[in-house]
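First up is the structure itself, then whatever we jot down about it.
The values are calculated or read from the model by the stated rules, or taken from the named source; none is laboratory data. None of these values were measured; they are calculated from a predicted model. When we count neighbours, we look across all protein chains shown, and the Cβ atoms used for this are built from the backbone with ideal geometry, even at glycine. Side chains are part of the model used for accessible areas, which takes the heavy atoms of the whole protein and leaves out ligands, DNA and RNA. Shrake-Rupley method; radii C 1.70, N 1.55, O 1.52, S 1.80 Å.
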Amino acid sequence: MFKNLLKYSLRALSRQKAHVAINIIGLTVGMICSLIIALFIFHELSYDQFNEKKDRIYRVILNGKLGGQELKVTYTAAPIGPTMKNEFPEVEDFVRMNNWDETIIRYGERSFAENHFLEADSSFFSFFSIPLIRGSREKALNEPHTLVLTESAAKRIFGEEDPINKMLKVGTDTTLYRVTGIIEEVPDNAHFTANIISSFMTNPRANDDQWLSNSFSTYVLLFPGASAQSAEARIPDMIVKYVGPILQSFLGLTVDEFLAQGNKYSMFLQPLAKVHLDPTIEQQMKPANDPKYLLIFGSIGILIIIIAAFNFMNLATAQAARRAKEVGIKKVSGSTRGQLMSQFLAESVLLSLVSLMLAIIVTLLVLPYFNTLLDIKMKADLSGNWFYIPLLLIIALFIGIMAGSYPAFYLSSFNPYLVLKGSTIRGHSSGRLRNLLVVLQFAISIILIV
């Protein structure tokens with residue numbers, strides 16, 4: 001049955017090549033736009049998802065208000081991480097990170113400008129799932145003036161030389177840095193970028209006990225099953241214990257008196273998964289994106305598909321007069337309305353599947369240009385997740401059935417007696433529907449333009 005249905009559908013489509021070509025082009029263009037938008041949304045939602053311990057990693061956020069100015073920042077004091085590890089039973093470990101501006105790296109007589117230079121504690125590799133190709137995860141950053149390089153940075157600086165244990169001059173520091181490891185490239189969907197990671201212990205303020213000197217990003221790793229809310233509940237006591245004496249010394253106020261004056265000094269834990277999509281927090285790493293734009297782009301993608309489907313329905317119903325005799329002859333020959341509807345739906349789904357294949361091919365071809373334009377690295381890895389291909393097929397089937405449903409109902413309803421007699425098909429209802437669809441298409445187009 002399926003074989004016959006496919007054969008009849010292909011035969012019917014081959015007799016209306018121009019109509020088929022227009023439909024395929026319309027659906028393909030709509031699918032290409034929607035696929036690129038979907039890839040962008042998936043890319044944004046994938047940030048930091050590569051980390052194996054992502055559900056246990058939290059960033060410490062400073063939420064303060066002084067003189068009527070409120071701020072939420074990732075800048076925290078150096079002793080916060082060690083204190084939380086020592087005094088919070090929920091906290092297994094911590095890592096502090098500090099992002100540098102452009103830094104000059106010198107090897108021998110050659111100099112390199114590096115924009116992605118990062119300082120991090122030796123626990124960095126316990127937090128983030130970035131493979132260390134050479135070197136020890138435990139020892140790579142556990143001494144001052146040591147650093148690790150990405151493969152590309154090592155190739156750029158050392159060429160074919162073995163970089164391990166080579167010495168580099170970093171910025172204006174008079175002490176040379178020793179290369180202790182090589183890591184894979186930091187994924188594009190990480191909330192930070194780094195080509196060189198040096199030991200945080202090199203920073204003169206690594207062991208600083210100044211609680212109001214907020215300069216670094218602090219992350220904590222909770223024990224499995226530990227509650228972030230429970231850890232957050234301990235933060236006010238920590239502030240009273242360590243920040244309170246400083247306020248008393250400089251302002252003559254207790255923490256409660258300071259807060260009673262309308263000021264604010266608190267901290268909370270931000271889940272790693274929410275770091276990239278929370279623009280309300282000022283940070284020193286990559287800028288965060290607003291999640292509302294994902295909703296806007298997602299809506300645009302859906303509207304584009306709807307326009308393409310409406311266009312398909314318009315063209316199919318407009319072909320009614322040409323296919324009327326075909327319907328009449330098939331009904332006289334014994335075809336039931338259900339069989340005719342199945343054929344028209346099969347034609348519609350077939351066109352949708354062809355459009356999907358063309359859309360995937362074109363998307364793969366143009367994706368590098370969009371990545372260059374947007375300065376990101378979207379990937380169309382259909383084999384990366386098992387559900388991608390089934391999901392695309394389901395979407396294509398849905399579009400085909402949605403776009404072909406009304407034409408199938410409409411064409412299969414023709415009276416064979418009137419059609420074969422030569423009576424003109426009035427098509428008032430189809431005309432009204434086409435008018436409605438055209439109005440909706442223009443309305444959606446105007447919304448998209450606005």
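When restricted to residues that are under 18 Å from M402 (Cα atoms) and modelled with pLDDT under 70, the stretch 6-41 contains 1. Within the stretch 240-265, the set of residues being out of contact with any Leu (no Cβ under 8 Å at 6 or more places or on another chain), among the aliphatic types (A, V, I, L, M) and within 20 Å of D209 (Cβ to Cβ) comprises V240, L251.
Of everything in the stretch 277-316, what is β-branched (V, I, T) and part of a helix (DSSP H, G or I)? Give them in sequence order. Within the stretch 277-316, I296, I300, I302, I304, I305, I306, I307 meet the criteria. Entry remark, the stretch 103-125: residues being assigned to a loop (DSSP other than H, G, I, E, B) and under 21 Å from K155 (Cβ atoms) number 4 in total. Output yes when any residue across the stretch 62-77 is within 19 Å of L118 (Cβ to Cβ) and of a type in the set (D, E), and no when none is. The answer is no, given that none of the residues of the stretch 62-77 is within 19 Å of L118 (Cβ to Cβ) and of a type in the set (D, E).
Mind checking which residues of the stretch 67-100 are in a strand (DSSP E or B), open to solvent by 60 Å² or more (accessible area, probe 1.4 Å) and under 20 Å from Q284 (Cβ atoms)?
Q69, E70, L71, K72, listed by residue number.
For D48, the criteria (1) within 30 Å of F310 (Cα to Cα); (2) touching a His at 6+ places or on another chain (Cβ under 6 Å) hold in every case but one, which is (1). Among what's in the stretch 281-299 and is over 18 Å from the mean Cα position of the chain (by Cα) and not acidic (D, E), pick the residue that is least open to solvent (accessible area, probe 1.4 Å). It comes out as I281. Identify all residues within the stretch 360-374 that are closer than 20 Å to I395 by Cα and without any contact (Cβ under 8 Å) to a residue 60 or more places away in the chain; write none if there are none. Answer for the stretch 360-374, where residues must be closer than 20 Å to I395 by Cα and without any contact (Cβ under 8 Å) to a residue 60 or more places away in the chain: I361, L364.
Looking only at the stretch 367-385, which residues are at pLDDT 85 or above and open to solvent by less than 60 Å² (accessible area, probe 1.4 Å)?
Of everything in the stretch 367-385, those that are at pLDDT 85 or above and open to solvent by less than 60 Å² (accessible area, probe 1.4 Å) turn out to be L367, N371.
Of the residues examined, M1 is not one that is crowded, with 19+ Cβ neighbours inside 10 Å and modelled with pLDDT under 90.
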